[in-house]
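Below is one structure; the comments refer to it alone.
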Amino acid sequence: MLAGHNPESAVVPRKRPERNTFVILGVIICLALGLRLFQLSHQELRGDEAFDALFSSQGVSAILDQLRTNQPYPPLFHVALHYWLGQVGQSEVMQRLPAVISGVLLVPLAYQLARLTLGRTTGITAALLVAVNPFYIWHAQDGRMYSLLALLSMASIWLGLLLLQRRSSREIGLAYWAVTVMALYTHYFAVWVILAENVAALLVIWKQDARWSLIKRWAGWQLLVVLALVPWLLFASGLLTSHTSTWIPALSPLEMLWRSLTTFSLGLTLEPIPLTVFSVVMGVLFVLGCLFPSRSVEPGFRGNGRGLLLVFAGVPLLATMLLSVMRPAFDEKYLISVVACYLILVAHGLHFLSTKWKWLGVAAGVVILVGAGWSTFNYYTNPAYAKSPSWRDLVERIDAHATEGDVIVRDYPDPGFQYYYEGDLPARLLPVAASSPEERTNRALEKLAGAYRRVWLIPNPGSPWDPEGHVQRWLTRHTDLVDEQAIDSLQLQLYQTPLAFQEGMVGSGIKLGPGLELVGYRLEPEDGATVTRGQRMLLTLYWQALAPVDADYTVFVHFADSAEQIWGQHDGQPVGGTFPTTGWSPGQIVVDQHTIEIDPEAPADRYRLMVGMYDGANAERLTISSPAEAMDEDRIVLETIELTAQNGG
């Protein structure tokens with residue numbers, strides 16, 4: 001023995017790489033945890049998150065009954081969320097924390113799967129890519145089942161590969177069965193992962209000498225998985241055979257492939273041009289990872305790790321594309337189970353590039369990290385990529401300005417409002433259903449206008465619930481819009497009903513033609529006795545049809561001096577041209593706004609503000625029938641206003 005030689009020193013070099021690997025992996029896991037906890041409650045719950053929170057707050061029997069009849073999900077997530085939130089309380093952080101935990105655990109699991117199939121170096125790189133992947137971060141901060149689905153699916157794949165080894169134990173089989181059943185009870189699309197596992201099993205078993213023992217072992221566990229799923233399939237069979245997702249668009253195979261590449265690479269929060277550039281880089285690395293030969297750490301796979309990972313990534317995508325031929329079924333989040341396999345192959349391609357051309361590999365790695373960082377930064381900070389509207393701000397504004405006699409109306413059933421609003425005002429959803437007849441909605445709005453003084457409307461233009469904006473249109477025609485605010489991507493409008501605006505209007509009662517009446521008006525600025533050049537005045541007219549009207553009349557507003565010279569004017573059909581008089585119902589008040597801009601050259605004088613109507617077909621004005629005061633033959637004189645010489649602001 002050489003002097004000074006320590007026999008134990010011979011084993012140190014063999015242990016140090018593995019110890020260093022665990023240190024690096026620990027750092028990556030901490031990074032993943034930090035990225036998933038950062039600003040966890042900064043954004044409000046989006047609609048689906050809020051729905052899950054409200055849905056899971058019901059009793060378990062009610063949850064199961066609705067999952068059987070109208071909610072197309074297996075029961076595990078919602079039932080577990082019911083008990084979880086029942087223990088920790090309903091808050092944004094607690095709603096999203098299970099997804100955070102699942103997202104963090106996915107990192108070491110991706111390392112184990114990559115190490116099993118392609119080796120330790122690829123495993124470390126894959127763990128880093130999973131940790132910083134924007135798509136995974138987005139879903140790890142989303143209080144739904146998709147982060148859990150990704151975790152359970154990857155655990156099923158990893159344990160399934162271990163099960164296919166000769167030295168596999170019963171404990172591994174039980175673990176495989178448990179996570180696979182949980183994946184299927186989390187989301188129905190986990191079935192594509194099971195399909196991919198069976199394709200991979202055929203590839204592995206085919207190369208084995210003692211293949212019949214492996215076939216019996218594998219088939220036995222698959223049978224147990226099926227038996228565990230059968231009770232639920234029988235329970236929810238009616239919904240499973242009849243449900244269709246009408247909101248999913250039909251896409252071509254190329255569109256599905258491209259969207260998968262871009263979303264799995266850098267998520268949903270990057271502009272199109274950089275998204276394309278970065279995704280192409282990762283796509284090239286993915287191809288290299290599929291082509292570059294490697295020898296698996298586990299000899300049972302005989303260097304077939306690349307092929308197995310390609311099966312796990314490709315079969316679910318291909319199955320979804322084939323299903324979409326019959327009915328649209330593609331949504332990137334449904335395929336979150338395959339993202340880790342895709343990233344492992346990208347990591348392997350990066351490893352291959354680094355071994356051939358080191359600096360090119362380093363540059364490609366930097367490009368991926370820059371793209372991931374850019375996309376994640378957008379997610380954290382850019383309002384254009386916010387996952388949810390600012391429900392907190394909207395609710396705070398309503399609470400701050402609400403008065404007795406107010407009612408809230410929504411024209412779309414976004415669960416976000418229901419989750420965040422805890423005030424005392426009554427809230428109504430109109431239409432009550434997406435297929436409700438217009439007449440039914442009209443009657444409901446008329447009833448609200450007769451019972452409440454003000455209506456807070458949260459419109460959602462273009463929504464499938466009220467695609468033509470009927471609720472907003474009715475309120476614009478028959479109530480008085482007095483305030484409108486844009487709160488991030490939300491709109492909040494406040495309308496006065498006749499119960500309120502009739503108290504503040506200047507009454508008129510002047511009748512025009514055969515069956516029209518100007519009930520009253522409101523002028524802004526309210527102190528309209530004196531105005532200035534260039535100033536704008538907002539005139540709100542309150543009309544009423546006394547009988548059916550057989551012609552479409554145009555409203556005119558004139559601002560004329562003592563010599564009858566017009567220095568301000570507005571002509572237009574009522575309600576901005578959207579509500580012709582032939583559509584007016586007798587007895588119903590119509591709210592009609594006109595803006596009059598005073599000519600900057602108008603001389604100082606006493607002016608008259610006059611209104612009337614004329615037939616657009618022949619320009620013949622309606623005559624004034626009563627009362628006799630405050631009118632010309634065909635013009636109603638509303639006010640006399642002094643115009644000063646100075647210009648207005």
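The values are calculated or read from the model by the stated rules, or taken from the named source; none is laboratory data. Just so we're clear, the structure is a prediction, and the values are computed from it rather than from any experiment. Positions of Cβ are generated from backbone atoms using ideal geometry, with glycine treated the same way; all protein chains shown enter the neighbour counts. Note: accessible area is taken over every heavy atom of the protein model, side chains too, but ligands, DNA and RNA are not part of it. Shrake-Rupley method; radii C 1.70, N 1.55, O 1.52, S 1.80 Å.
Worth pointing out:
- Unmet criterion (only one of (1) within 41 Å of the chain's Cα centre (by Cα); (2) surrounded by 15 or more Cβ atoms within 10 Å (Cβ to Cβ); (3) in a strand (DSSP E or B); (4) not polar (S, T, N, Q)) for GLU517: (1)
- Positions within the range 624-648 being at pLDDT 90 or above and open to solvent by 60 Å² or more (accessible area, probe 1.4 Å), in sequence order: THR640, GLU642
- Boolean, ARG428 is closer than 20 Å to ASP483 by Cα and either touching a strand residue (DSSP E or B) at 6+ places or on another chain (Cβ under 6 Å) or free of Cβ contacts under 8 Å to residues at least 40 places away in the same chain (or both): yes
Residues checked against (1) under 19 Å from PRO415 (Cβ atoms); (2) modelled with pLDDT of 95 or more:
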{"site": "LEU2", "(1), (2)": "no, no"}
{"site": "HIS5", "(1), (2)": "no, no"}
{"site": "THR21", "(1), (2)": "no, no"}
{"site": "ARG36", "(1), (2)": "no, yes"}
{"site": "LEU85", "(1), (2)": "yes, yes"}
{"site": "VAL93", "(1), (2)": "yes, yes"}
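- Out of ALA126, ALA183, ALA175, sole residue that is assigned to a helix (DSSP H, G or I), over 19 Å from ASP331 (Cβ atoms), among the hydrophobic types (A, V, I, L, M, F, W, C) and open to solvent by less than 20 Å² (accessible area, probe 1.4 Å): ALA126
- Cβ pairs under 6 Å, 6+ apart, first in the range 350-376 and assigned to a helix (DSSP H, G or I), second among the charged types (D, E, K, R): none
- Some residue of the range 49-72 being modelled with pLDDT of 95 or more and touching a Gly at 6+ places or on another chain (Cβ under 6 Å): yes
- Given (1) touching a Gly at 6+ places or on another chain (Cβ under 9 Å); (2) more than 30 Å from GLY450 (Cβ to Cβ); (3) assigned to a loop (DSSP other than H, G, I, E, B), number of the condition ALA551 does not satisfy: (2)
- Given (1) touching a residue at least 12 places away in the same chain (Cβ under 8 Å); (2) of a type in the set (Gly, Ala, Ser); (3) surrounded by fewer than 17 Cβ atoms within 10 Å (Cβ to Cβ); (4) farther than 23 Å from GLY373 by Cα, index of the condition SER41 fails: (4)
Listed here are the residues, each with its yes/no results for (1) open to solvent by 40 Å² or more (accessible area, probe 1.4 Å); (2) over 23 Å from the mean Cα position of the chain (by Cα); (3) under 30 Å from ALA444 (Cα atoms); (4) of a type outside the set (D, E, K, R).
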{"position": "VAL366", "(1), (2), (3), (4)": "yes, yes, no, yes"}
{"position": "VAL370", "(1), (2), (3), (4)": "yes, yes, no, yes"}
{"position": "TRP374", "(1), (2), (3), (4)": "yes, no, no, yes"}
{"position": "PRO383", "(1), (2), (3), (4)": "yes, no, no, yes"}
{"position": "PRO389", "(1), (2), (3), (4)": "no, no, yes, yes"}
{"position": "VAL395", "(1), (2), (3), (4)": "no, no, yes, yes"}
{"position": "TYR412", "(1), (2), (3), (4)": "yes, no, yes, yes"}
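- Test result for ARG522, surrounded by fewer than 17 Cβ atoms within 10 Å (Cβ to Cβ) and in contact (Cβ under 8 Å) with a residue 12 or more places away in the chain: no
- Annotation note: Cβ proximity below 8 Å between a residue of the range 221-240 that is closer than 15 Å to LEU174 by Cα and a residue that is among the hydroxyl-bearing types (Ser, Thr, Tyr) and surrounded by 10 or more Cβ atoms within 10 Å (Cβ to Cβ) (sequence gap 6+ or interchain) occurs for TRP221/TYR176; VAL225/THR180.
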